[in-house]
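Each remark here refers to the structure printed beneath this line.
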Amino acid sequence: MKINDLFNVENKVAVVTGGSRGIGEMITAGFLANGVKVYISARKAPALIEKANELSEKYEAECIAIPCDLSTSEGIDEFYNSVEKNESGIDFLINNAGAAWGEPLESFSEKGWDKVMDLNVKSIFFLTQKFKNLLSQKATESDPSRIINIGSIDGLNVPSMETYSYGASKAAVHHLTRVLAAKLVNENILVNAIAPGPYPSNMLGSAVNHDYTEIAKRNPRKRVGTPEDMAGLAIFLCSRAGAYTVGETITSDGGIVKTANHNLS
Ligand SMILES: NC(=O)c1ccc[n+]([C@@H]2O[C@H](COP(=O)([O-])OP(=O)(O)OC[C@H]3O[C@@H](n4cnc5c(N)ncnc54)[C@H](OP(=O)(O)O)[C@@H]3O)[C@@H](O)[C@H]2O)c1
């Protein structure tokens with residue numbers, strides 16, 4: 001019942017997609033600070049390698065960069081093969097890499113639809129299909145392996161911006177989480193999702209010139225999310241404390257979804 005036992009993730013091996021910045025970096029940092037070896041991926045190799053080196057040094061832990069484009073099956077194969085070369089098994093798969101696209105309904109492009117769906121939904125499914133084998137090697141009834149899919153509150157609420165494929169993709173992530181959880185719980189692999197609200201990142205920042213003041217003001221907690229909020233939740237889900245939580249989509253949004261007043265009458 002001690003904190004160190006309930007939330008211990010030491011000596012585990014994790015794979016975090018989109019670990020070079022934003023939410024993926026927050027989760028990676030939380031893992032590294034607590035003794036997890038982490039493989040991170042993203043497309044831009046120099047930034048990814050620099051981040052892996054920076055985090056390895058800061059947390060005195062092993063962070064390994066594997067650059068690849070996960071929106072294609074070739075990229076997913078490449079990524080999997082690189083991890084498999086080094087590891088006989090992994091404990092956690094964090095499907096975090098994601099993209100957004102905004103365009104008016106009338107001109108919304110097929111490119112904006114496919115780009116978002118390919119990365120946010122298709123890649124999660126095929127990464128899970130591939131990595132299941134490595135996750136199974138470590139999975140036991142008393143200490144199951146874990147998958148966390150990063151969804152969004154935009155998959156729960158109706159987004160205010162014209163991001164049609166994004167909201168639909170994130171709702172799909174939440175449902176896919178339940179479907180995969182139902183299948184994989186029998187193999188001691190627990191699948192859950194986190195639906196973040198506003199967290200400082202390139203994705204959110206590019207929409208507001210990295211000024212989060214207004215977003216913070218509108219939030220029930222009067223702030224945006226922090227690395228501690230995100231890392232803490234991911235560590236909970238991956239630790240002994242989260243071992244009876246299956247198929248959930250847990251919001252981390254300062255209360256936006258649960259406290260919004262939808263009564264407009
Ligand atoms: N920040 C928020 O407020 C918020 C809210 C709700 C949900 N989310 C979700 O959180 C996740 C992380 O987003 P973020 O806000 O941290 O965004 P971000 O700062 O843009 O980071 C996205 C990460 O994914 C990588 N990535 C993008 N396309 C990729 C591809 N095709 N293959 C491999 N890696 C790729 C990026 O690196 P490269 O560009 O080098 O590939 C980067 O590491 C996403 O799923 C997003 O939808 C974020």
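Considering only the range 95-116, I want to know if a residue exists there that is in a helix (DSSP H, G or I), under 28 Å from TYR244 (Cα atoms) and not hydroxyl-bearing (Ser, Thr, Tyr).
For the range 95-116, residues in a helix (DSSP H, G or I), under 28 Å from TYR244 (Cα atoms) and not hydroxyl-bearing (Ser, Thr, Tyr): absent.
Can you tell me which residues in the range 1-37 are of a type in the set (Phe, Trp, Tyr) and outside any helix (DSSP H, G or I)?
Selection gives PHE7 alone.
Every residue, every condition in (1) at pLDDT 95 or above; (2) more than 11 Å from the ligand (Cβ to nearest atom); (3) touching a Phe, Trp or Tyr at 6+ places or on another chain (Cβ under 9 Å), yes or no:
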residue: LEU184; (1), (2), (3): yes, yes, no
residue: ALA195; (1), (2), (3): yes, no, no
residue: THR213; (1), (2), (3): yes, yes, no
residue: VAL224; (1), (2), (3): yes, no, yes
residue: GLU228; (1), (2), (3): yes, yes, no
residue: ALA234; (1), (2), (3): yes, yes, yes
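When both residues are 6+ apart or on different chains and their Cβ atoms are under 7 Å apart, which pairs have a first residue that lies in the range 175-202 and is under 17 Å from MET230 (Cα atoms), and a second that is within 15 Å of the ligand (Cβ to nearest atom) and of a type in the set (Lys, Arg)?
SER201/ARG21; ASN202/ARG21
If you go through the range 68-119 one residue at a time, how many are hydrophobic (A, V, I, L, M, F, W, C) and in contact with an Asp or Glu (Cβ under 7 Å, 6 or more places away or on another chain)?
Residues meeting the conditions: 2.
Can you pull out every residue in the range 43-62 that is open to solvent by less than 40 Å² (accessible area, probe 1.4 Å) and among the polar types (S, T, N, Q)?
Once the filter is applied, which keeps residues that are open to solvent by less than 40 Å² (accessible area, probe 1.4 Å) and among the polar types (S, T, N, Q), the range 43-62 yields only SER56.
Suppose we filter the range 240-259 for residues that are open to solvent by 40 Å² or more (accessible area, probe 1.4 Å) and part of a helix (DSSP H, G or I); how many remain?
Here the count works out to 4.
Can you pull out every residue in the range 20-38 that is under 9 Å from the mean Cα position of the chain (by Cα) and either among the acidic types (Asp, Glu) or within 7 Å of the ligand (Cβ to nearest atom) (or both)?
Once the filter is applied, which keeps residues that are under 9 Å from the mean Cα position of the chain (by Cα) and either among the acidic types (Asp, Glu) or within 7 Å of the ligand (Cβ to nearest atom) (or both), the range 20-38 yields ILE23, GLY24.
Mind checking whether some residue in the range 148-159 is in contact with an Asp or Glu (Cβ under 6 Å, 6 or more places away or on another chain) and more than 12 Å from the ligand (Cβ to nearest atom)?
no
Restricting the search to the range 87-107, which residues are open to solvent by 40 Å² or more (accessible area, probe 1.4 Å) and in contact (Cβ under 8 Å) with a residue 40 or more places away in the chain?
Selection gives SER88, ALA100, TRP101, GLY102, GLU103, PRO104, LEU105.
In the list SER165, SER71, which residue meets the criterion of being in contact (Cβ under 8 Å) with a residue 24 or more places away in the chain, out of contact with any strand residue (DSSP E or B) (no Cβ under 9 Å at 6 or more places or on another chain) and not in a loop (DSSP other than H, G, I, E, B)?
The match here is SER165.
Please pick out the residue among ASN96, ASN11, ASN81 that is more than 11 Å from the ligand (Cβ to nearest atom) and either at negative phi or of a type in the set (Asp, Glu) (or both).
That would be ASN81, the only listed residue that is more than 11 Å from the ligand (Cβ to nearest atom) and either at negative phi or of a type in the set (Asp, Glu) (or both).
Name the residues in the range 129-139 that are touching a residue at least 60 places away in the same chain (Cβ under 8 Å) and within 16 Å of the ligand (Cβ to nearest atom), would you?
Matches in the range 129-139: PHE131 only.
Give the number of residues within the range 63-77 that are open to solvent by 20 Å² or more (accessible area, probe 1.4 Å) and within 20 Å of the chain's Cα centre (by Cα).
Here the count works out to 8.
So is GLY112 within 20 Å of the chain's Cα centre (by Cα), closer than 29 Å to THR213 by Cβ and either touching a residue at least 24 places away in the same chain (Cβ under 8 Å) or within 16 Å of the ligand (Cβ to nearest atom) (or both) or not?
For GLY112, the condition - within 20 Å of the chain's Cα centre (by Cα), closer than 29 Å to THR213 by Cβ and either touching a residue at least 24 places away in the same chain (Cβ under 8 Å) or within 16 Å of the ligand (Cβ to nearest atom) (or both) - is not met.
The values are calculated or read from the model by the stated rules, or taken from the named source; none is laboratory data. These numbers come from a predicted model, not from an experiment. Note that each Cβ is placed from the backbone with ideal geometry, even for glycine, and that neighbours are counted across all protein chains shown. Heavy atoms of the whole protein, side chains included, go into the accessibility calculation; ligands, DNA and RNA do not. Shrake-Rupley method; radii C 1.70, N 1.55, O 1.52, S 1.80 Å.
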